[in-house]
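The values are calculated or read from the model by the stated rules, or taken from the named source; none is laboratory data. Everything numeric here is computed off the predicted structure, so don't read it as measured data. Every residue, glycine among them, receives a Cβ derived from its backbone with ideal geometry; neighbour counts consider all protein chains shown.
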Amino acid sequence: MNCNESKSMLSAYHDQELSPTNREQLREHLEGCADCRGELKIIQQISTLAEPIRTAPIMPVNWSLLAEQLAPAPLSAKPRRHALASNRRLLWSIAAVFLVAIIFAVASNWGGKHEHSEIANHLQAFSTEFTRNPEHAQQTLLSHYKGQKITLTEASLKLNYQPVVASGLPTGYVIKDSYLLEMPCCLCLQTICERPDGSQFVVLEHAKEQSIWPSNLSSVKTECQGFPTTMTDVDGTLAVTCEMSNRNLTMIATKSLDEATSLIGQFAKAD
Amino acid sequence: METVAAENPEAIDHLLQRCLQLDSAAQRQLYEHFHDRCYRLVLGFVSPADAADVLQKSFLQLFQKLPQYRGESSFASWFYRLTVNECLQHLRKHRNKQFATLDYDPVDHTPGHEKMAEHRELLSIAMDRLEEDLRTIFVMREVQQHTYAEIADLLSINEGTVASRLSRARHDLKQSLLELGWEPRS
């Protein structure tokens, strides 16, 4: 073994990470080479310099300080204004959420659960105003339900469950914004998602056993990825409601059955 | 409180599932399980005065990003990388303050323990000069005493790369220390 080979192995030799063969060869070389022994000694001394860090006292665990920071911030009492960009398609999609909620109430067998006439009135007013003034319609919607923009982490803490959208979206899809809507029946998480082409759709999520809204629109009941699913055509897009094991999903402005199936398959991983 | 066997993947996975369900007892257990080793990892990058704050931020990142953990690497590996990134961000942010200028005569005659303190300061300065990946490996070996195999797993590199980077780290540290006036014992 020459000195170049020796010096390339000194670091691993110091760490006792050489194979037995290399270790023995290096040991023999070191016996006869003061220069390499000197290099090894420097590695050892550098290691000694690091000892104070290695043996520094560990600061005590302080869980309470971290727990405070993990606790959710209280929602602001003041409703947000001008929360959304003026995107007619998006706002139409949001308006369709409530239409589909009405549809679902009639088409599915959620009938029998108590109705919320106030919600129905708001939905009707929203859908009426939306065609004239979508921005104001959305502002009204958020003000009715104290809608607050929220991160998924904050939503998780508030809802006490992990939103399905947090498990991820199909490749190329991204989450734009999320809002927490305080409806009389429940807290409802509304997530606006964006496709690779920039178009958007909405996912509404709420815990199972939520109330339904009255509807007189027709829909198709089926099963998707093993979950009871209802689909309604809304102006050429699909509004899809899906009863998962632990929550109900309503997806608005989905493009196609394939997309709905892909989304439900993705969300099912988190159910 | 149920205990988590050291690096038992199934136990860790179960704990993570409970954390995702916002089980605060599970969150605390995960925190306590990783606290000491991560604190020591952080100490390899930042001063003790900053270590508590950086560690806190690392754990906040852990819980906030936990839904993104896909299990492609071990959880320890994922969290280590997250912690190292937090340390490196801290260093970059405070880069201008990190380099202390030497205002003492390297060739001095102070008592042994004061010289040791000076040498430790020299090492700190020399480590600040290391490339980030070399510093990471040096800290994981010298401070946390991980084997090459453990470092390879945590950083998702092969053991040969660990060995070569560690050798380079020690070489570069030696050069920096000598420039700073360090006199190794003969």
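Numerical summary
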| item | result |
| --- | --- |
| The range A:138-157 residues that are within 18 Å of A:Arg247 (Cβ to Cβ) and within 14 Å of chain B (Cβ to nearest Cβ), paired with ones that are of a type in the set (Val, Ile, Thr) and surrounded by fewer than 18 Cβ atoms within 10 Å (Cβ to Cβ) (beta carbon under 8 Å, 6 or more apart) | A:Leu152/A:Ile175 |
| Test: residue in the range A:174-182 that is out of contact with any strand residue (DSSP E or B) (no Cβ under 6 Å at 6 or more places or on another chain) and at pLDDT below 85 | no |
| Output for the range A:229-269, where each listed residue is part of a strand (DSSP E or B) and exposed (fewer than 14 other Cβ atoms within 10 Å of the Cβ) | A:Asp233 |
| Counted residues, the range A:11-42 - those being more than 10 Å from chain B (Cβ to nearest Cβ) and in a loop (DSSP other than H, G, I, E, B) | 3 |
| Given (1) of a type outside the set (Val, Ile, Thr); (2) within 9 Å of chain B (Cβ to nearest Cβ); (3) more than 52 Å from the chain's Cα centre (by Cα), index of the condition A:Ser6 fails | (2) |
| Residue list for the range B:171-182, restricted to those being more than 10 Å from chain A (Cβ to nearest Cβ), surrounded by fewer than 17 Cβ atoms within 10 Å (Cβ to Cβ) and modelled with pLDDT of 90 or more | B:Gln175, B:Glu179 |
| Matching residues in the range A:46-72 - criterion: being touching a residue at least 12 places away in the same chain (Cβ under 8 Å) and more than 23 Å from B:His33 (Cα to Cα) | A:Ser47, A:Pro72 |
| Residue count, the range A:153-174 (criterion: of a type outside the set (S, T, N, Q), crowded, with 17+ Cβ neighbours inside 10 Å and touching a helix residue (DSSP H, G or I) at 6+ places or on another chain (Cβ under 6 Å)) | 3 |
| Identity of the residue in the range B:145-165, farther than 21 Å from A:Ser6 by Cβ and at the interface with another protein chain (Cβ under 8 Å from one of its Cβ atoms), that ends up surrounded by the most Cβ atoms within 10 Å (Cβ to Cβ) | B:Thr147 |
| Criterion (free of Cβ contacts under 8 Å to residues at least 40 places away in the same chain, within 13 Å of A:Ala12 (Cα to Cα) and within 9 Å of chain A (Cβ to nearest Cβ)) met by exactly one of B:Arg168, B:Arg120, B:Arg185 | B:Arg168 |
| Hits in the range B:47-77 - residues which are more than 10 Å from chain A (Cβ to nearest Cβ), of a type outside the set (Asp, Glu) and surrounded by fewer than 20 Cβ atoms within 10 Å (Cβ to Cβ) | B:Ser47, B:Ala49, B:Gln61, B:Tyr69, B:Gly71, B:Ser73, B:Ser74, B:Phe75, B:Ala76, B:Ser77 |
| Selection status of A:Gln45, more than 21 Å from B:Ala149 (Cα to Cα) and either outside any helix (DSSP H, G or I) or not charged (D, E, K, R) (or both) | yes |
